[in-house]
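Undergrad: Okay, handing you the structure first.
The values are calculated or read from the model by the stated rules, or taken from the named source; none is laboratory data. Not measured: the values here are computed from a predicted model. Methodologically, a virtual Cβ is constructed for each residue, glycine included, from the backbone with ideal geometry; neighbour enumeration extends over all protein chains shown.
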Amino acid sequence: MRKPKLLIALSGLVFPGLGHVLLGRRARGLVFFVVLSSLFFGGVFLEREFYTKFGHGLLRSKEEVVPYRSSGEDLEGVVDKTWKVIFVYAYPFFVGFGNYCIGLVFSDATAPLVAHIPGVQKATEIPVTTRDIGYCFALLAGLLNLLVMMDSFDIAANEEELARRKQS
Amino acid sequence: MTSFPFTLACFIVACVSVSIVYSLTSPGSLDKVVKETLSSFGLMFGGIIALAVAIVLIPWLFGR
């Protein structure tokens, strides 16, 4: 039976590597899931303010978030904000909605742990010292998942050819 | 400022992740995956370090 290739490619939007698992390549799918999820959660852990993307978070009050976010907010122009929306807020979605939803809770739960990272002097410095690396990790995980999704589409589209090659 | 070991560790993690995904998505048999992961990691890590060194060295050389 021919598998719906678009559906298989888009299943990566639920969890990374799910497309490969649906195609019967479980080991590969599992490796993709572990690598991309750990990269994404590592990014969320370092970024810390991940939860603010949907307002003021699920578990935190507004007062706790405002102090470090309000400084420098006026300097951001329209271009900066658009760039942020596209590259910082949208790309992590590509790592899978499942992971993204878990990330919301994970970010809040692990926020105090970031203070133990070497180089972080005090709690107020946390967003400055590790945020950029966190952004990079989350973005990288999203972009790599796009690649994984394209790969699963490619495998689904050329399944007959691959089977023929295996036999010969 | 974030410490150097922490930044280096983050850089290595990113390079390892990219090389694993690269080696698994590129067509080829599974037994080549480890070899391909190592070679792509070496190329990426070495390439970026070389580029960083060049970026630091060029202004220093011409600035003298």
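Undergrad: Could you tell me whether A:VAL79 is under 24 Å from B:PHE6 (Cβ atoms) and modelled with pLDDT under 80?
TA: no
Undergrad: Taking B:SER26 as meeting all but one of (1) more than 15 Å from the chain's Cα centre (by Cα); (2) surrounded by 13 or more Cβ atoms within 10 Å (Cβ to Cβ), write down the number of the exception.
TA: The one condition B:SER26 does not meet is (2).
Undergrad: Scan region B:4-15 residue by residue and report those that are at the interface with chain A (Cβ under 8 Å from one of its Cβ atoms) and within 16 Å of A:CYS136 (Cα to Cα).
TA: Within region B:4-15, B:PHE6, B:THR7, B:CYS10, B:VAL13, B:ALA14 meet the criteria.
Undergrad: Does region A:153-160 include one or more residues that are at the interface with chain B (Cβ under 8 Å from one of its Cβ atoms) and within 24 Å of A:LEU13 (Cβ to Cβ)?
TA: No, because not a single residue in region A:153-160 is at the interface with chain B (Cβ under 8 Å from one of its Cβ atoms) and within 24 Å of A:LEU13 (Cβ to Cβ).
Undergrad: Hey, can you tell me all the residues within region B:29-51 that are farther than 17 Å from A:LEU30 by Cβ and either in contact with a helix residue (DSSP H, G or I) (Cβ under 6 Å, 6 or more places away or on another chain) or within 12 Å of another protein chain (Cβ to nearest Cβ) (or both)?
TA: B:SER29, B:GLU36, B:SER40, B:PHE41, B:MET44, B:PHE45
Undergrad: For region A:30-37, indicate whether the set of residues that are modelled with pLDDT of 80 or more, over 25 Å from B:PHE6 (Cα atoms) and aliphatic (A, V, I, L, M) is non-empty.
TA: yes
Undergrad: Given the options B:THR7, B:THR37, B:THR2, name the one that is at pLDDT 85 or above and either surrounded by 11 or more Cβ atoms within 10 Å (Cβ to Cβ) or touching a Cys at 6+ places or on another chain (Cβ under 8 Å) (or both).
TA: B:THR37 is the lone residue from the list that is at pLDDT 85 or above and either surrounded by 11 or more Cβ atoms within 10 Å (Cβ to Cβ) or touching a Cys at 6+ places or on another chain (Cβ under 8 Å) (or both).
Undergrad: Just checking, which of A:GLY19, A:GLY43 is over 30 Å from A:GLU159 (Cβ atoms), in contact with a Leu (Cβ under 9 Å, 6 or more places away or on another chain), modelled with pLDDT of 85 or more and buried (at least 19 other Cβ atoms within 10 Å of the Cβ)?
TA: Going through A:GLY19, A:GLY43 in turn, just one is over 30 Å from A:GLU159 (Cβ atoms), in contact with a Leu (Cβ under 9 Å, 6 or more places away or on another chain), modelled with pLDDT of 85 or more and buried (at least 19 other Cβ atoms within 10 Å of the Cβ): A:GLY43.
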